[in-house]
Amino acid sequence: MKHTRQNISTNGLIRKTVISSVLVFLFCIEIAAQSGTHSVNEDTNYREELYIQTDRDIYVAGEEVYLKVREFGGLTHTPGSISRVVYVDMPDSYGTPAVQLKVATDGTMGAGAFRIPDTLRTGCYFIRAFTGWMKNYPHSLFAYKKISVINPFESMSRFSLPPVHALPESVIFYPETGHIVKGIENRVGFQCFNKKGDPVITEGMIIGSGEDTLAQFRTDRYGTGRVSFNPSAAGSIYIVTYDSTGRDRRFAMPSVDDKGLTFRVTSDMNAGVLKIHILKNPGFQAPEGRLVISYSNASVTTVRKEISAERDSVVVLNQDILPVGIAKISITGTDGVALASGWFYNVKMAEVAYDVKVHSESFSPREKVKIEIIAKDDDGKSIESNLSVSVIRPVLQETSRYNEIMRQNQSPAMQALRTELAMPVLNDYMIFYHPESDLSDYIGPDSVIEYLPEPEGHVISGVIRDRNTDVPLAGENITLSFVGKTSRCNFTRTGSNGEFNVATWEHGVKELVIQPLSQETDGFYVDLKDPFLLDGGSFQAGPLYIDTTEVKELNKAIISMQVSDIYDPFLQKRSAGLKSNGRPDFYGEPDNTILMSDYIELTTLREVFKEIVPGASTVTRNNKSNLKLLNLHPDASFTASPLVIVDGVPIYDFDKILEIRSSEIEKIEVLNTRYFISDLIIEGIINIVSKKGNLSVLEFDRSVFRQEFSGLDDHEFYSRDYSTDAQKSSRLPDFRNTLYWNPDVRTDRSGKASVEFYTSDETGDYTVIVEGFAADGKSGRSVSSFTVRN
């Protein structure tokens, strides 16, 4: 039997995959305008998008956050991408990542969990997700999900107070298309703050230069407002605010342009079109009588269309061929001078409807709950979909209309905004969007691709150098292995600068060992690249304002968390690392397996190899021991020593190996044939597994690179089981804030799925949240409830 293994260069594999995918996304966009059809043939920038779902929105410091990450193609917005690893972190208020984890995906979704540090201050934070490939793009294009954290042990003086009715110290204005124009209805958003930067509630009016009242307003509880007005004259206008005592304060707004234009965007999903309505005041004249409309999205090259300023008051775009997501729409003259620009979120798919049925409205503590789910498309037909199910306390979920609408827009600017303004559609809120980038052509033909996608697991990258000379070890065969009972050695050859890239699917926390394959190479060190971004970014999720009407329920959630924290260690949960169990040794099936329990106990492995292991022998040359194997093929013989592995790590000091006490060994596996990895030939393999499996049977060489390594996340939600009388009568209290979390529920062809779980000891109302996506990218969300009573 001849063992072979093809070891393709990770760099080459990834680059070929990217090139193939980019070629797939070559496309032709046709924009149908009122004046005719314009076609643009361009190469696109392959882009990946992510969407984060969590079990809830509000947590107590020290609790676990359960999350799901969905992957989409940036152009089609359908589930699926090249990358199979998503990096998730949560920057603290100083921008330093407080949490980091790697989530394995199947190319469409993955799930993980992390514990919020109990030292984290009360406030709002961003959970941030990105792939290796996404690091080539601005951080504003990562996925951001805002959560709120309450630290009950923090001084109350650090809590942000709810906004009050007062005079603002500053006002930020957001004209809808960047300008305010005379003689046209203009829409302007604004936010009011005090000297500390906290929002204030205020009311007042917009007045023109002639002290005429143009509009009146009242902000919401977060100091946010939006007004519409039609100024009759150009020049200065002001916002005047009043407090409860009648005092006022005046702030200058952006001045009114005498000549100009603005626009409105409407969407008709049934007809599959976007309409850009251009509004010009009577005095406006475009250079050469022409205007240029630009539509910019990060997934496509900017599309431009020239129109007549006189005839074309409405420009129609084919919505179906434009990517889903944020785009910038701009209007310029033919001279390139910007006239108006605004942000638009292209939503072109009807939602999936989830019909959620809880089999009863009321349950007792520790009683089984069954939930049935039916998924239907906009035509009422049953469809397959992948969804998550979360069951939580209602107080731990944000329920404002803005949060419901804005869940699908996970840009940091819109996730951070808090408002109670009730507006019909998502794009009504885009007036407040103020990103750091303009989404135009990030990766062009001259751009350098620094980060590659990871289609075959997490890529461990680094450089290996000579310890004495600091010279890179170029063209060196090295092994990357993990300490444990299963041998999963990875072999690669370094590049011209000593660099290496190795893909691995290892889960959980392991000990990583990197060393040259040659026994003669000595004195080296390894620099590993951190796949995470050390900079948490400049985006802030904002302060947390506690709703005083919910203090009682929040206190109950805090107490429940503390009770759970005390008693959770006594639960017999499934062990971590389940996702990586069952994976075989890298060399497959051995030719011989020697279980030490089947034999009388010998003193050392020197005696074991002499008396028990078939085809193995020891030789001594120049006072050094060596191991030899007999090749199973009678017409072939080994010309070198075998690769000897102890607890997953290649070991080259045979004297140390032979002196290991046999009583500490569980088994020895032998491969008596050559093993091929690309052009590397291994003359047989001996795999020694100790009873502890942690390499403690050897005094490890300190010069070898060995360190703790956090692999792919392997946390899973533990659901309490009360199916037996003994479990139901258990005296361990159960006060879960999240009763149930399942990130991977799938409806079948008939659109049906069901889940079961048990209630806890805590009575009260519970919210069931179902959220998912169909294969064509359509999404849906449903919220229902039930009650637990004694």
| query | Tell me, which residue of region 235-273 that is in contact with an Asp or Glu (Cβ under 8 Å, 6 or more places away or on another chain) and more than 20 Å from Ser341 (Cα to Cα) is surrounded by the fewest Cβ atoms within 10 Å (Cβ to Cβ)? | reply | Gly272
| said: If a residue must be more than 14 Å from Ile371 (Cβ to Cβ) and among the β-branched types (Val, Ile, Thr), how many such residues does region 763-790 contain? | reply: 3
| query | Pairs, please: C-beta under 7 Å, at least 6 apart or cross-chain, first residue surrounded by 16 or more Cβ atoms within 10 Å (Cβ to Cβ) and in region 402-427, second assigned to a loop (DSSP other than H, G, I, E, B) and charged (D, E, K, R)? | reply | Thr419/Asp220; Leu421/Asp220
| Would a scan of region 146-165 turn up a residue that is touching a helix residue (DSSP H, G or I) at 6+ places or on another chain (Cβ under 8 Å) and surrounded by 20 or more Cβ atoms within 10 Å (Cβ to Cβ)? | yes
| message | If I filter region 113-135 down to residues being of a type in the set (Lys, Arg) and not in a helix (DSSP H, G or I), which single residue comes out as surrounded by the most Cβ atoms within 10 Å (Cβ to Cβ)? | response | Arg128
| task | Return a yes/no flag: does region 300-319 have any residue that is under 16 Å from Thr266 (Cα atoms), in contact with an Asp or Glu (Cβ under 9 Å, 6 or more places away or on another chain) and not polar (S, T, N, Q). | result | no
| Using beta carbons and a limit of 6 Å, which pairs, at least six apart or on different chains, have the first residue in region 528-551 and of a type in the set (Gly, Ala, Ser) and surrounded by 12 or more Cβ atoms within 10 Å (Cβ to Cβ) and the second one modelled with pLDDT under 90 and not in a loop (DSSP other than H, G, I, E, B)? | Gly537/His139
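Can Thr767 be described as touching a helix residue (DSSP H, G or I) at 6+ places or on another chain (Cβ under 9 Å), β-branched (Val, Ile, Thr) and assigned to a strand (DSSP E or B)?
Judged against the criteria, Thr767 is a match.
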| task | Taking Ala338 as the residue in question, decide whether it is modelled with pLDDT of 90 or more, over 28 Å from the mean Cα position of the chain (by Cα) and more than 30 Å from Phe735 (Cβ to Cβ). | result | yes
| remark: Checking Val352, Val369 in turn, the sole residue that is at pLDDT 95 or above, crowded, with 18+ Cβ neighbours inside 10 Å and touching a strand residue (DSSP E or B) at 6+ places or on another chain (Cβ under 6 Å) turns out to be Val369
| Single match in Ser308, Ser313 (criterion: touching a His at 6+ places or on another chain (Cβ under 9 Å), among the polar types (S, T, N, Q) and either surrounded by fewer than 20 Cβ atoms within 10 Å (Cβ to Cβ) or under 25 Å from Arg226 (Cβ atoms) (or both)) | Ser313
| query | Out of curiosity, is Thr122 of a type in the set (Val, Ile, Thr) and farther than 30 Å from Asp568 by Cα? | reply | no
| query | Which of the residues that make up region 720-730 are touching a residue at least 40 places away in the same chain (Cβ under 8 Å) and either surrounded by 15 or more Cβ atoms within 10 Å (Cβ to Cβ) or closer than 30 Å to Ala104 by Cα (or both)? | reply | Arg720, Tyr722
| request: Scan region 623-636 and report the pairs whose first residue is in contact (Cβ under 8 Å) with a residue 40 or more places away in the chain and whose second residue is of a type in the set (Phe, Trp, Tyr) and part of a loop (DSSP other than H, G, I, E, B), with Cβ atoms within less than 7 Å and a gap of 6+ or a chain change. | output: Leu629/Phe638; Asn631/Phe638
| request: Taking Leu571 as the residue in question, decide whether it is over 30 Å from Gly223 (Cβ atoms), modelled with pLDDT of 95 or more and not aromatic (Phe, Trp, Tyr). | output: no
| message | Yes or no: region 751-769 includes at least one residue that is basic (Lys, Arg) and either out of contact with any Asp or Glu (no Cβ under 9 Å at 6 or more places or on another chain) or surrounded by 17 or more Cβ atoms within 10 Å (Cβ to Cβ) (or both). | response | no
| Within region 185-209, tally of residues that are closer than 30 Å to Ala327 by Cβ, surrounded by fewer than 19 Cβ atoms within 10 Å (Cβ to Cβ) and touching a Leu at 6+ places or on another chain (Cβ under 8 Å) | 1
| request: Report, by residue number, each residue of region 97-119 that is more than 11 Å from the chain's Cα centre (by Cα) and not polar (S, T, N, Q). | output: Pro97, Ala98, Val99, Asp106, Gly107, Ala113, Phe114, Arg115, Ile116, Pro117, Asp118
| message | I'm told Asp655 meets every condition in (1) among the acidic types (Asp, Glu); (2) part of a loop (DSSP other than H, G, I, E, B); (3) over 45 Å from the mean Cα position of the chain (by Cα) except one. Can you identify the failing condition by its number? | response | (2)
| field | Residues (of a type in the set (Gly, Ala, Ser) and assigned to a strand (DSSP E or B)) located in region 183-201 | value | Gly189
| task | Could you list, in sequence order, all residues of region 69-93 that are over 25 Å from Tyr345 (Cα atoms) and either without any contact (Cβ under 8 Å) to a residue 24 or more places away in the chain or among the hydrophobic types (A, V, I, L, M, F, W, C) (or both)? | result | Val85, Met90
| said: Take the conditions free of Cβ contacts under 8 Å to residues at least 40 places away in the same chain and acidic (Asp, Glu) and apply them to Glu169. Does it pass? | reply: yes
| note | Of those in region 496-524 that are in a loop (DSSP other than H, G, I, E, B) and without any contact (Cβ under 8 Å) to a residue 60 or more places away in the chain, the residue surrounded by the fewest Cβ atoms within 10 Å (Cβ to Cβ) is Glu520
| message | Condition first: of a type in the set (Phe, Trp, Tyr), modelled with pLDDT of 95 or more and more than 33 Å from the chain's Cα centre (by Cα). Can you find one or more residues in region 201-217 that meet it? | response | yes
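Please find, among Ile293, Ile326, Ile276, the residue that is in a strand (DSSP E or B), buried (at least 21 other Cβ atoms within 10 Å of the Cβ), in contact with a Lys or Arg (Cβ under 7 Å, 6 or more places away or on another chain) and hydrophobic (A, V, I, L, M, F, W, C). Before you say what the answer is, go through the steps one by one.
On the way: Ile326 fails: in contact with a Lys or Arg (Cβ under 7 Å, 6 or more places away or on another chain); Ile276 fails: in contact with a Lys or Arg (Cβ under 7 Å, 6 or more places away or on another chain).
Sole residue among the options that is in a strand (DSSP E or B), buried (at least 21 other Cβ atoms within 10 Å of the Cβ), in contact with a Lys or Arg (Cβ under 7 Å, 6 or more places away or on another chain) and hydrophobic (A, V, I, L, M, F, W, C): Ile293.
To keep it simple, each residue is scored yes or no on (1) among the hydrophobic types (A, V, I, L, M, F, W, C); (2) surrounded by 14 or more Cβ atoms within 10 Å (Cβ to Cβ); (3) more than 20 Å from the chain's Cα centre (by Cα).
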| site | (1), (2), (3) |
| --- | --- |
| Phe705 | yes, yes, yes |
| Glu708 | no, no, yes |
| Tyr718 | no, yes, yes |
| Leu732 | yes, no, yes |
| Val745 | yes, yes, no |
| Ala775 | yes, no, no |
| Phe786 | yes, yes, yes |
| request: Considering only region 343-408, give the strands (runs of 3 or more DSSP E) lying wholly within it that have at least 1 residues that are basic (Lys, Arg). | output: 353-358, 368-376
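The values are calculated or read from the model by the stated rules, or taken from the named source; none is laboratory data. None of the values given here were measured: they were computed from a predicted structure. So basically every Cβ, Gly included, is an ideal-geometry build from the backbone, and we count neighbours across all protein chains shown.
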